[in-house]
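Undergrad: Got a structure for you, questions after.
What follows is calculated from the coordinates using simple rules that are stated; it is not laboratory data. All figures in this text were calculated on a predicted structure; none of them were measured in a lab. Ideal geometry is used to build each Cβ from the backbone, glycine not excepted, and the neighbour counts take in all protein chains shown.
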Amino acid sequence: MKAMGRREFLRTSGIGLGVGLLGGGCATAMKGDFAPKTARRVVVVGGGWGGATAAKYVRLGDPTIEVILLEPNRQFVSCPFSNLVLSGVRTLDSITFDYSGLRRHGVRVIHEMASALDPAARRVRVGEGYLEYDRAVVAPGVEFQWELVEGLAENQDKVLHAWKAGPQTQALAEQMRAMPDGGVFVLSIPPAAYRCPPGPYERACQVAWYLKQSKPRSKLVILDANQNIISKTALFRAAWREYPNIDYRASNKVVKVDPGAREVTTDFGDKVKYDVVNLIPPQRAGTIAVQADLVGADKRWCEVNHLTFESAKAPNVHVVGDSTIGLPVPKSGNVANAMGKVAAVAIVHQLNGKQPPQLAPGNTCYSWVNDREAIAVVNTYRIENGKVVQIEQKLTPGQSAAVAQNSLGWARSIWNDVVG
Amino acid sequence: MQVVIGIALVLAAASVAGAGPLDTPGAMKALNCSACHGFAGQSAGDTMPILAGLWPEYFKKAIADYASGKRPSTEMEPYAKQVIQFGVDDYAVYFGGLKREPTKIAVDATAAGRGRAAAQPCVICHGPDGRGDRAKLIPDLAGQPPGYLKNQMMLFREDKRSPGDPSLKAIKELMKSLSDDTMSDLAAYYSSVR
């Protein structure tokens with residue numbers, strides 16, 4: 001890793017200061033070393049599925065280690081199940097949690113944006129101040145590559161992604177409800193790799209189900225940059241037989257959006273009119289990981305040690321969750337949760353001078369195909385020559401209400417595992 | 001003072017990773033299980049069983065049956081193979097050594113009362129409080145989540161749990177005689193046994 005110079009560190013952190021102030025945070029109170037380190041300390045950047053889990057499990061592994069979690073949002077909103085908020089099957093409240101559970105585990109949660117990372121000095125910049133760490137966990141999730149779609153960056157208020165669950169989820173649901181019967185809903189899927197491979201196809205099911213019930217003359221046009229449905233392919237194809245209102249177009253990458261003309265343009269030059277558009281932008285690792293040069297040659301994702309999730313580029317920095325690449329795992333909440341635990345165990349061992357054990361993640365992934373039935377894919381992994389390799393992938397034989405019930409049990413349990 | 005220091009040193013030495021509850025090999029390996037089955041096997045969900053307190057030999061049989069496909073489950077077959085890969089004995093000893101806290105899923109007391117009255121045929125094998133028979137690997141039902149218990153009854157009824165296993169013929173016949181409502185009542189009762 002190229003060591004970040006002090007000037008660069010301060011310059012980068014200035015951007016974060018602005019964000020902190022705009023966000024109404026108390027960044028002005030954070031000057032210099034605003035929480036001097038008195039014990040071994042882990043600073044976690046990002047309180048999503050991977051970061052929150054890592055923070056909790058370091059404390060479970062060794063309560064003498066101080067853990068500080070930096071997360072600007074005061075609430076954890078689950079991306080899994082957020083597609084059901086679009087269709088009205090669930091409420092946003094039912095997938096929203098606070099961070100009090102982590103505090104009960106002794107995690108110090110600070111609702112501020114970490115604006116820069118300086119691995120050479122072992123510091124994380126927050127506002128005008130900084131925190132020192134022994135080890136950092138970087139879990140910033142994904143950032144959108146707005147610049148790859150013409151017209152997108154300047155129209156973020158009108159062209160919604162709803163790919164980070166929260167206000168946009170609600171706003172897209174409202175746009176869909178306000179759409180006239182007979183209207184066209186366009187869903188644009190970015191090229192892999194992106195957060196939650198089956199997510200767009202589950203979203204297609206939920207939108208199509210809603211339209212079938214409430215706007216039977218409406219149509220869902222799916223413009224997929226990929227050559228085919230990239231996850232649970234046969235199961236989604238089977239589910240879509242119930243949705244003649246879906247017009248699926250593979251290998252159709254959206255390269256331009258024009259909200260004035262209510263039109264998107266594909267890389268073939270085809271123009272598609274819409275009444276409501278849901279444009280899921282191309283993605284890369286969260287900004288702090290890119291700015292700290294934790295990303296690899298692709299400049300998008302972070303390569304890591306498969307056993308400890310240490311960055312391939314920076315010492316004492318672990319990267320977990322959707323920002324990572326190189327493991328044969330999907331960018332899913334369940335995998336991020338598993339990575340958070342494996343990294344936490346590794347960190348606890350390393351801070352105690354011990355060799356970390358060899359542990360591997362697992363992935364359980366449910367997709368709802370209507371208001372009561374779901375499908376699932378399950379992957380487990382082992383370690384071979386220091387690398388994560390898949391043991392098996394298994395899919396449900398079909399869609400069923402029983403699988404949907406299992407998904408509810410999974411959700412309740414894993415939400416509790418992450419922030420409970 | 002020397003005695004105090006001595007005890008502190010012993011405690012420190014006993015702690016591989018630093019005095020937390022993840023110090024045993026089983027505890028660390030079982031972290032993958034906690035996504036669905038809760039930390040330390042205390043499932044928070046309704047459909048996943050509580051693993052804490054399972055007899056090690058029962059745990060190992062369940063894992064072997066899931067891994068071989070004898071007990072079909074999309075979710076559990078890959079995970080069972082992973083458990084075997086990493087060493088089932090560590091998991092079995094870990095979960096077996098934990099005390100089962102009863103499920104926090106609330107049930108209707110009236111339904112539980114009906115379930116208790118309907119539980120007579122179950123007592124023959126599972127005992128008066130559903131505590132099971134360890135020697136025969138008949139599981140302890142008390143305090144498990146009601147959704148899990150009902151699901152298993154339905155799987156038995158449909159011959160989808162260990163299909164064709166002659167040792168389960170009696171329970172499958174019994175389940176065929178029960179309505180969905182009675183199964184719900186039985187699940188409410190056994191999950192509420194303390």
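Undergrad: Going by average Cβ neighbours within 10 Å, how do the peptides B:166-172, B:44-50 rank, with the highest at the top?
TA: Answer by packing, highest mean first, reads B:44-50, B:166-172.
Undergrad: What is the fewest-to-most order of B:Asp90, A:Asp224, A:Asp98 by other Cβ atoms lying within 10 Å of their Cβ?
TA: Sorted ascending by nearby Cβ count, the order is A:Asp98, B:Asp90, A:Asp224.
Undergrad: Past 21 Å, Cα to Cα, is the threshold; run A:Lys313/B:Lys29; B:Lys81/B:Lys136; A:Lys215/A:Lys273 against it and keep the listed order.
TA: Table pairs above 21 Å Cα-Cα are A:Lys313/B:Lys29; B:Lys81/B:Lys136.
Undergrad: What's the exposure ranking of A:Thr233, A:Thr53, A:Thr364, B:Thr74, going from fewest to most Cβ atoms within 10 Å?
TA: Ordered from fewest to most neighbouring Cβ atoms within 10 Å, A:Thr233, A:Thr53, A:Thr364, B:Thr74 come out as A:Thr233, B:Thr74, A:Thr364, A:Thr53.
Undergrad: With charges only on Cβ, +1 for K and R and -1 for D and E, what is the dipole size of segment A:344-400 about its Cα centre, in debye, rounded to 20?
TA: That gives a dipole near 240 debye.
Undergrad: While we're here: Beta carbons within 10 angstrom, averaged per residue: use that to sort the peptides B:114-126, B:138-150, highest first.
TA: B:138-150, B:114-126
Undergrad: Cα axis of helix B:2-14 to longest principal axis of chain B: angle in degrees, 0 to 90, nearest 10?
TA: 50 degrees
Undergrad: What's the magnitude of the charge dipole for the protein assembly as shown around its Cα centre, counting Lys and Arg as +1 and Asp and Glu as -1 at the beta-carbon? Answer in Debye, nearest 20.
TA: Computed charge dipole of the protein assembly as shown: roughly 420 debye.
Undergrad: Over the protein assembly as shown, what is the percentage of antiparallel beta bridges among all DSSP beta bridges, to the nearest 5?
TA: Within the protein assembly as shown, antiparallel bridges account for around 55 percent of the total.
Undergrad: Any chance you could give the angle, 0 to 90 degrees and rounded to 10, that helix A:6-22 forms with the longest Cα principal axis of chain A?
TA: So the helix axis and the longest Cα principal axis differ by about 50 degrees.
Undergrad: Putting +1 on Lys and Arg Cβ atoms and -1 on Asp and Glu Cβ atoms, find which of A:Ala162, A:Thr287, A:Ser332 reaches farthest to the positive end of the dipole of the protein assembly as shown.
TA: A:Ser332
Undergrad: So, one more: With unit charges on the beta carbons (Lys and Arg positive, Asp and Glu negative) and the dipole taken about the Cα centre of segment B:109-192, which residue among B:Ser192, B:Ser162, B:Gly113 sits farthest to the positive side?
TA: B:Ser162
Undergrad: Read phi for every residue in segment B:49-66 and hand back ³J(HN,Hα) as whole Hz from Karplus 6.51 cos²θ - 1.76 cosθ + 1.60, θ = phi - 60°, with x for Gly and Pro.
TA: After applying 6.51 cos²θ - 1.76 cosθ + 1.60, I find x, 6, 8, 4, x, 5, 4, x, 5, 6, 4, 5, 5, 4, 4, 4, 5, 5 Hz.
Undergrad: Give the average, rounded to an integer, of partner chain Cβ atoms located within 10 angstrom of each Cβ in B:23-32.
TA: Across the residues of B:23-32, the mean count of other-chain Cβ atoms within 10 Å is 5.
Undergrad: Here's something else I'd like to know. Mind computing the radius of gyration and Dmax over the alpha-carbon atoms of the protein assembly as shown? Å is fine for both.
TA: Calculated on Cα positions, Rg and Dmax stand at 25.4, 83 Å.
Undergrad: Give the aspartates and glutamates whose C-alpha is closer than 13 Å to that of B:Lys150, dropping any in the same chain fewer than 8 places away, or say none.
TA: B:Asp46, B:Glu158, B:Asp180, B:Asp181, B:Asp185
Undergrad: Follow-up question, since we're still on this one. Mean residue ellipticity at 222 nm from the helices of chain A, using -39,500 (n - 2.57) per DSSP H segment of n ≥ 4 over the full residue count, to the nearest 500 deg cm²/dmol?
TA: -8500 deg cm²/dmol
Undergrad: Just to confirm my numbers, what's the Cα centroid distance between segment A:54-125 and segment A:181-254 in Å?
TA: A separation of 31 Å, based on Cα centres.
Undergrad: So for the protein assembly as shown, taking the charge dipole from beta-carbon charges (+1 Lys/Arg, -1 Asp/Glu), which of A:Leu60, A:Asn305, A:Val137 sits furthest toward the positive end?
TA: Checking the options against the dipole of the protein assembly as shown, the answer is A:Leu60.
Undergrad: So, one more: For each of A:Thr96, A:Thr324, count neighbouring Cβ atoms within 10 Å of the residue's Cβ, then give the residues from fewest to most.
TA: Ranking A:Thr96, A:Thr324 by Cβ neighbours within 10 Å, fewest first, gives A:Thr96, A:Thr324.
Undergrad: How large is the Rg to Rh ratio of segment A:57-137 when both quantities use alpha carbon positions and Rh follows Kirkwood?
TA: Here Rg/Rh amounts to 1.08.
Undergrad: Going by alpha carbons, how many degrees (0 to 90, nearest 10) lie between the helix axis of B:146-157 and the longest principal axis of chain B?
TA: The angle comes out near 50 degrees.
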